[in-house]
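The structure under discussion appears below in the form of structure tokens.
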Amino acid sequence: MNYAKIKWFDVSNGPGVRVSMYVSGCRNHCKNCFNPETWDFGYGEPFTREVEDAIIKGMQPEHIKGFTLLGGEPFEPENAAVLAPFLERLRAQYPDKSIWCFTGNDYEADLLTGKKCEIKTVMRMLKTLDVLVDGKFVEELKDLNLLFRGSSNQRIILMKPTLKKDELVLWDEKTVI
């Protein structure tokens, strides 16, 4: 798996200061995607154990509130196979820091059905997440007033209560995350 870039002090893709990684590879090809270079699975640099270790170390400072995974598409099978064990390692190391993931896939239609990626791998990833922002970016639904998403079809899903209740629990602006 390759990654396009790592932002060590990101304040745009989740609450607080975060470390964010943009993975390479995406088959969704959303119209007017803000990162079309990440569609190419070969773009960027290899995601190695040394890169994992650097992210783990970069998460240490108290002012870093969490980690955000974006793309490209984290749930492409090629990416998910590498990211699932990394996210488990990250969660074990930092149980109190939040992990967010952005996907162009639909949670119910694509991820839970195994339509886009093998379900065991998907579940391994989902169990590590605090928040999943799902849905393709849709230019016609673009709304610059939305927090943490680009178009109004995208949802901010609170993963722990969603998995516990086995029903969708969405974030609202009153919920602290």
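Quick notes on this one:
- Any hit, segment 92-99, residues being among the charged types (D, E, K, R) and in contact (Cβ under 8 Å) with a residue 40 or more places away in the chain: no
- Test: LYS65 is more than 20 Å from GLN154 (Cα to Cα), assigned to a strand (DSSP E or B) and not acidic (Asp, Glu): yes
- In a residue-by-residue description of segment 34-51, the property of being touching a residue at least 12 places away in the same chain (Cβ under 8 Å), within 18 Å of THR128 (Cα to Cα) and of a type outside the set (Val, Ile, Thr) applies to no position.
- Enumeration of residues in segment 87-126 that are touching a Lys or Arg at 6+ places or on another chain (Cβ under 6 Å) and of a type in the set (S, T, N, Q): ASN105
- Residue check for VAL51: surrounded by fewer than 13 Cβ atoms within 10 Å (Cβ to Cβ), touching a strand residue (DSSP E or B) at 6+ places or on another chain (Cβ under 9 Å) and either closer than 21 Å to LEU158 by Cα or hydrophobic (A, V, I, L, M, F, W, C) (or both): no
- Applying a threshold of 8 Å to beta carbon distances and a minimum spacing of six or more residues, or different chains, the list of pairs starting in segment 100-121 at a residue that is over 20 Å from TRP171 (Cβ atoms) and ending at one that is aliphatic (A, V, I, L, M) and not in a helix (DSSP H, G or I) reads ILE119/LEU112.
- Complete set of residues in segment 27-58 that are more than 18 Å from LYS7 (Cα to Cα) and within 18 Å of the chain's Cα centre (by Cα): ARG27, ASN28, HIS29, CYS30, CYS33, TRP39, ASP40, PHE41
- Every test in (1) more than 15 Å from CYS117 (Cβ to Cβ); (2) polar (S, T, N, Q); (3) within 16 Å of the chain's Cα centre (by Cα) is passed by ASN79 save one, and that test is (1).
- Of the set (1) of a type in the set (A, V, I, L, M, F, W, C); (2) at pLDDT 95 or above; (3) surrounded by 18 or more Cβ atoms within 10 Å (Cβ to Cβ), all apply to CYS30 but (2).
- Number of the exception - GLU37 against (1) at pLDDT below 95; (2) farther than 28 Å from LEU141 by Cα: (2)
- Here VAL17, VAL51, VAL23 are screened, and the one residue that is in contact with a His (Cβ under 7 Å, 6 or more places away or on another chain) and more than 16 Å from PHE137 (Cα to Cα) is VAL17.
- Top-ranked residue of segment 68-106 - restricted to ones that are in contact with a Phe, Trp or Tyr (Cβ under 8 Å, 6 or more places away or on another chain) and of a type in the set (A, V, I, L, M), ranked as nearest to ILE157 (Cα to Cα): ILE99
- Of LYS142, LYS116, all but one fail to be in contact with a Phe, Trp or Tyr (Cβ under 7 Å, 6 or more places away or on another chain) and closer than 22 Å to CYS30 by Cβ; the exception is LYS116.
The values are calculated or read from the model by the stated rules, or taken from the named source; none is laboratory data. Computed from a predicted structure; not experimentally measured. Cβ sites come from the backbone with ideal geometry, for glycine too, and all protein chains shown count toward neighbours.
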